[in-house]
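Remarks on the structure that follows.
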Amino acid sequence: MKHIVKIMTLLVAVSALWVGLLQTSIVPQSHTWLLPIYFVVSLGCYGLLMVGVGLMQFPTCPQEALLLQQDIVEAKQYLKQKGVDVIPTDVVDA
Amino acid sequence: MEVQHKSKFSVIIPTYNERLNIALIVYLVFKHLRDVDFEIIVVDDGSPDGTQDIVKQLQQVYGEDRILLRARPKKLGLGTAYIHGLKHASGNFVVIMDADLSHHPKYLPSFIRKQLETGADIVTGTRYVKDGGVHGWTLMRKLTSRGANVLAQTLLWPGVSDLTGSFRLYRKSVLEDVISSCVSKGYVFQMEMIVRASRKGYHIEEVPITFVDRVFGSSKLGGSEIVEYLKGLAYLLVTT
């Protein structure tokens with residue numbers, strides 16, 4: 001089943017539930033009418049919250065950049081010794 | 001399990017003007033994969049900076065059977081570069097990684113270990129978990145990355161935390177199967193690969209990796225990339 005169909009099915013099921021709630025009026029109708037708005041708003045809040053939390057906990061690795069620099073120096077030394085001219089001849093490496 | 005120690009890994013690295021980086025990567029791969037049977041396949045898209053000359057020199061150092069140069073005449077895109085490399089791969093597992101050193105070869109052993117432990121079809125590197133991480137991204141870059149991720153997680157339920165990462169290990173047959181049905185380009189290509197694999201029911205595992213962006217701002221996401229991403233998301237919603 002295509003994924004969009006899955007999501008649509010879910011939405012239809014939720015809508016059916018909502019219509020059912022409207023018909024039976026277990027809760028006052030005025031409340032039921034507002035449910036879709038609550039749904040959309042809470043979905044938006046969820047998204048913003050996830051982005052916010054993700055941003056705050058964004059894993060960073062400054063130490064890895066330093067380690068990489070060491071690896072590069074080491075690799076350059078080895079390659080130079082083996083005669084691989086990684087630095088183009090017309091570029092003077094500082 | 002008895003086939004496991006006969007495993008051979010083909011590391012496919014597409015390059016374009018990566019003269020220095022390809023040499024560094026090759027050195028680091030050989031440094032970190034000591035007791036493993038592997039080959040490196042460099043798919044170079046006609047770099048004018050002499051990347052291919054360097055690869056030939058590296059072949060002299062490490063052996064022509066360990067480093068394969070499979071060049072193409074011009075820039076033909078990432079997806080077809082993998083297909084091209086795959087044709088020449090003799091391993092039963094394939095690793096794909098970027099040539100710009102944002103993917104460090106020191107993580108290769110953990111990919112292989114994870115595959116051995118779990119028997120996974122795909123092991124994908126993730127930046128968004130403990131011990132993973134990113135360096136060199138601006139706040140804006142982080143924000144778009146998080147937003148894109150939340151959107152994709154909410155809409156696609158892919159079952160993996162890092163959809164657009166491209167440091168991955170595939171069982172060769174699985175990569176061949178998945179790649180043949182992928183049509184997207186760029187970022188979306190990586191996402192399409194993992195989503196299709198997930199839908200096909202392949203066993204996917206994750207390992208943490210770090211991602212060091214050395215060329216500051218090189219992975220800047222502009223408006224057109226965001227539009228492409230959203231189109232890709234919609235495409236995957238209706239086709240997978």
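This table checks each residue for (1) of a type in the set (G, A, S); (2) at pLDDT 95 or above.
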position	(1), (2)
B:G186	yes, no
B:T210	no, yes
B:G217	yes, no
B:I226	no, no
Restricting attention to the range B:131-142, which residues are without any contact (Cβ under 8 Å) to a residue 60 or more places away in the chain and at the interface with chain A (Cβ under 7 Å from one of its Cβ atoms)?
B:K142
Conditions: (1) among the hydroxyl-bearing types (S, T, Y); (2) more than 14 Å from every other protein chain (Cβ to nearest Cβ); (3) out of contact with any His (no Cβ under 8 Å at 6 or more places or on another chain). B:Y128 meets all but one. Number of the miss?
(2)
Within the range B:152-164, does at least one residue satisfy the condition of being more than 14 Å from chain A (Cβ to nearest Cβ), buried (at least 20 other Cβ atoms within 10 Å of the Cβ) and within 12 Å of the chain's Cα centre (by Cα)?
no
Of the residues A:T60, A:T9, A:T24, which single one is on the phi < 0 side of the Ramachandran plot, touching a strand residue (DSSP E or B) at 6+ places or on another chain (Cβ under 6 Å), among the β-branched types (V, I, T) and free of Cβ contacts under 8 Å to residues at least 24 places away in the same chain?
A:T60
For the range B:23-51, what are the residues that are outside any strand (DSSP E or B), surrounded by 18 or more Cβ atoms within 10 Å (Cβ to Cβ) and more than 8 Å from chain A (Cβ to nearest Cβ)?
B:I25, B:V26, B:V29, B:F30, B:L33, B:S47, B:T51
Output the residues belonging to the range A:1-29 that are farther than 30 Å from B:Y235 by Cα and in contact with a helix residue (DSSP H, G or I) (Cβ under 8 Å, 6 or more places away or on another chain).
A:L21, A:L22, A:S25, A:V27, A:Q29
Is it the case, given these coordinates, that B:E192 is under 16 Å from the mean Cα position of the chain (by Cα), within 14 Å of chain A (Cβ to nearest Cβ), buried (at least 17 other Cβ atoms within 10 Å of the Cβ) and outside any helix (DSSP H, G or I)?
no
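The values are calculated or read from the model by the stated rules, or taken from the named source; none is laboratory data. Bear in mind that the values here come from a model prediction, so they are computed numbers and not experimental data. Cβ atoms come from the backbone with ideal geometry, glycine included; neighbour counts cover every protein chain shown.
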